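The values are calculated or read from the model by the stated rules, or taken from the named source; none is laboratory data. In this text, all values refer to a predicted model and were calculated from it rather than measured experimentally. When we count neighbours, we look across all protein chains shown, and the Cβ atoms used for this are built from the backbone with ideal geometry, even at glycine. The protein model used for the area step is the full one, side chains on, heavy atoms only, and it has no ligands, DNA or RNA in it. Shrake-Rupley method; radii C 1.70, N 1.55, O 1.52, S 1.80 Å.
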Amino acid sequence: MKNRSLFVCQQCGVSYAKWVGQCTNCGNWNSLVEQTTEVEFGKKSTIEKGRASGKKLEFVKLNTVVPSDAKARLLTEFNDLNTVLGGGILMGSVSLLAGQPGIGKSTILMQICAEVAKKHNVLYISGEESAGQVKLRAERLGAKSDKLNFAASTSGNDIAKTIETGEFDLVIVDSIQTLAMDEISSAPGTVSQVTNCGNLIIRAAKATDTAVIIVGHVTKEGTLAGPKVLEHLVDVVLNFEGDRYGGFKTVRAVKNRFGSTNEVAIFEMSQDGLKEVQNPSAALLAERTNTDGSVILATMEGNRPILVEIQALATNSNYGYPKRTASGFDINRLNLLIAVLERRTKLKLSDKDIFINVVGGMKLNDSAADLAVCMAIASAVAGRKLGEEYVVFGEVGLGGEIRSAFRADQRITEAKKLGFKHAIAPRTIKNPFVIPAKDLRETLIRYVK
Ligand code: TYD
Ligand code: MG
């Protein structure tokens, strides 16, 4: 037996014999961490051993299997979140709730616990906060059931053992980055700790049909810190996104073995915890003043139509290289749209700093936002307002042509509901509400005169 060092990439899990600055597999810099493994020499090879020890699988007729969807689901107090989960938290499922520190993960989980603990046994395990701290939050959120239990622990072994007792219907683990297993020497938060603790917990959950929600912190860039690997192991991955300070926060499933990934729940932080936003469009438009550079986009958040204000600001560049900044919109897409605007219309933007802001902390992930962004930029540069009666949507092609958008009917219905008179939208949509837009140049000349 001999101890040997391995260097394991914390982003993708590939191991190296020597330290290197950049992982050749995933391209990340400085992501390698040393781990010691025990290597046995002079024994049969692992492959041979593995071959000898395997046995034939036991299989079942698929017809006789009870679908896991038929199992009970635990309902949270949030209707939209239940929908995101595919109808509540499935017994025996393991979910990962990922989000930046401070976004409200512990808050939403305590609110979920408060509701579920009205009928079921719930255990909240925290590796970050003491019982006293969690109690303060629970009190504020109005959680006072006798079935709500708390434990402070950072031991993966102990947590798995506790889940295995089957005493609880729902267990929260806050957070995976704080856990460690005795058998592994590396620090908490490293790939090996995260995967092994994750595996241990998942096994315990499946064996006892316990629903488990694991918290995972993500970095500012939006990737799970360390445990990207965990996403493959769990049943459901929920992303908690938005502004840390004010604004809307969204929870969406980026992976769901028991439901669709198109739904989204929208929240707002208040004095007493997170509240679901019932009418996001109205809330987003409430503070609007119609200035130049402001355009209302009819977008989709998952399956939901939402009207959101896009703001553009253009100033003269002081340096040779113009600055482009976007909040809530993809910066590469913005650069592309600016290039299309310069080439396909007569707008001169090379000496302008351009800033784009999506109001309310929304993060747009909709190609039909293109036209609204282009019109906002044109309006800001020309210093002219767009009429108050218009909403805008449509994708912009490299030729400056306006391309069709999915779910146009839903967008139009939402716009009508909020009192808009017309939609500037792709001409392929046959609807009297729509003023057909063919190409960018013509549309800008017509509306941003
Ligand atoms: P928290 O849920 O602890 O974030 P995370 O677990 O994701 O790191 O709390 C997020 C922020 O929300 C925190 O700064 C305090 C604030 N907050 C409220 O505004 N109202 C509340 O009722 C609670 C519990 C927290
Ligand atoms: Mg927390």
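Scan the stretch 169-191 residue by residue and report those that are more than 16 Å from ligand 1 (Cβ to nearest atom) and under 24 Å from the mean Cα position of the chain (by Cα).
Leu170, Val171, Pro188, Thr190, Val191 - these are the residues of the stretch 169-191 that are more than 16 Å from ligand 1 (Cβ to nearest atom) and under 24 Å from the mean Cα position of the chain (by Cα).
Which numbered condition in (1) surrounded by 23 or more Cβ atoms within 10 Å (Cβ to Cβ); (2) outside any loop (DSSP other than H, G, I, E, B) is the only one that Leu364 fails?
Tallying (1) surrounded by 23 or more Cβ atoms within 10 Å (Cβ to Cβ); (2) outside any loop (DSSP other than H, G, I, E, B), Leu364 fails exactly one: (2).
Here are some residues: Glu58, Glu128. Which one is within 16 Å of ligand 2 (Cβ to nearest atom), charged (D, E, K, R), in a loop (DSSP other than H, G, I, E, B) and farther than 18 Å from Leu274 by Cβ?
One residue alone meets the criteria, Glu128.
In the stretch 303-345, which residues are within 19 Å of Ser367 (Cα to Cα), crowded, with 16+ Cβ neighbours inside 10 Å and aliphatic (A, V, I, L, M)?
Result: Ile306, Leu307, Val308, Ile310, Ala312, Ala326, Leu334, Leu337, Ile338, Val340, Leu341.
Residue check, Gln111 against (1) at pLDDT below 95; (2) touching a Gly at 6+ places or on another chain (Cβ under 9 Å); (3) under 15 Å from Val215 (Cα atoms), all met but one. Which one?
So the condition that Gln111 fails would be (1).
Does Asp158 satisfy the criteria of being buried (at least 17 other Cβ atoms within 10 Å of the Cβ) and more than 16 Å from ligand 1 (Cβ to nearest atom)?
Here the answer is no, as Asp158 does not meet what is asked.
Taking into account only those residues within the stretch 402-434 that are among the small types (Gly, Ala, Ser) and touching a residue at least 12 places away in the same chain (Cβ under 8 Å), which is farthest from Leu307 (Cα to Cα)?
Checking each candidate, the answer is Ser404.
Which count do you get for residues in the stretch 78-119 that are more than 9 Å from ligand 1 (Cβ to nearest atom), in contact with a helix residue (DSSP H, G or I) (Cβ under 7 Å, 6 or more places away or on another chain) and closer than 12 Å to Phe240 by Cβ?
1
Being of a type outside the set (Phe, Trp, Tyr) and within 16 Å of ligand 2 (Cβ to nearest atom) is true for just one of Gly242, Gly198, Gly246. Which residue is that?
On inspection, the qualifying residue turns out to be Gly242.
Which one of the conditions (1) within 28 Å of the chain's Cα centre (by Cα); (2) open to solvent by 20 Å² or more (accessible area, probe 1.4 Å); (3) within 15 Å of ligand 1 (Cβ to nearest atom) does Gly132 fail to meet, given that it meets all the rest?
Gly132 satisfies all of (1) within 28 Å of the chain's Cα centre (by Cα); (2) open to solvent by 20 Å² or more (accessible area, probe 1.4 Å); (3) within 15 Å of ligand 1 (Cβ to nearest atom) except (1).
Restricting attention to the stretch 319-332, report how many residues are in a loop (DSSP other than H, G, I, E, B) and either closer than 20 Å to Phe248 by Cβ or touching a residue at least 12 places away in the same chain (Cβ under 8 Å) (or both).
Within the stretch 319-332, residues that are in a loop (DSSP other than H, G, I, E, B) and either closer than 20 Å to Phe248 by Cβ or touching a residue at least 12 places away in the same chain (Cβ under 8 Å) (or both) number 5.
Could you tell me which numbered condition Ala151 fails, if it satisfies all but one of (1) away from ligand 2 (no atom under 16 Å from the Cβ); (2) surrounded by fewer than 21 Cβ atoms within 10 Å (Cβ to Cβ); (3) closer than 18 Å to Thr210 by Cβ?
Here Ala151 clears every test but (1).
Need pairs with beta-carbon distance below 9 Å; first residue assigned by TED's automatic domain parsing to the domain that holds Gly273 and touching a residue at least 40 places away in the same chain (Cβ under 8 Å) and within the stretch 87-102, second among the basic types (Lys, Arg) and within 16 Å of ligand 1 (Cβ to nearest atom); sequence gap 6+ or separate chains.
Every condition considered, the pairs that remain are Leu97/Lys105; Ala98/Lys105; Gly99/Lys105; Gly99/Lys249; Gln100/Lys220; Gln100/Arg244; Pro101/Arg244; Gly102/Arg244.
Checking the conditions here, which among Val173, Val191, Val116, Val122 is farther than 29 Å from Lys71 by Cβ and open to solvent by less than 30 Å² (accessible area, probe 1.4 Å)?
That would be Val191, the only listed residue that is farther than 29 Å from Lys71 by Cβ and open to solvent by less than 30 Å² (accessible area, probe 1.4 Å).
Quick one: how many residues across the stretch 7-22 are outside any loop (DSSP other than H, G, I, E, B) and open to solvent by 60 Å² or more (accessible area, probe 1.4 Å)?
Total meeting the criteria: 2.
Considering each residue of the stretch 245-268, count those that are assigned to a strand (DSSP E or B), of a type outside the set (D, E, K, R) and under 21 Å from Gly102 (Cβ atoms), and give that number.
Residues that pass the stated criteria total 7.
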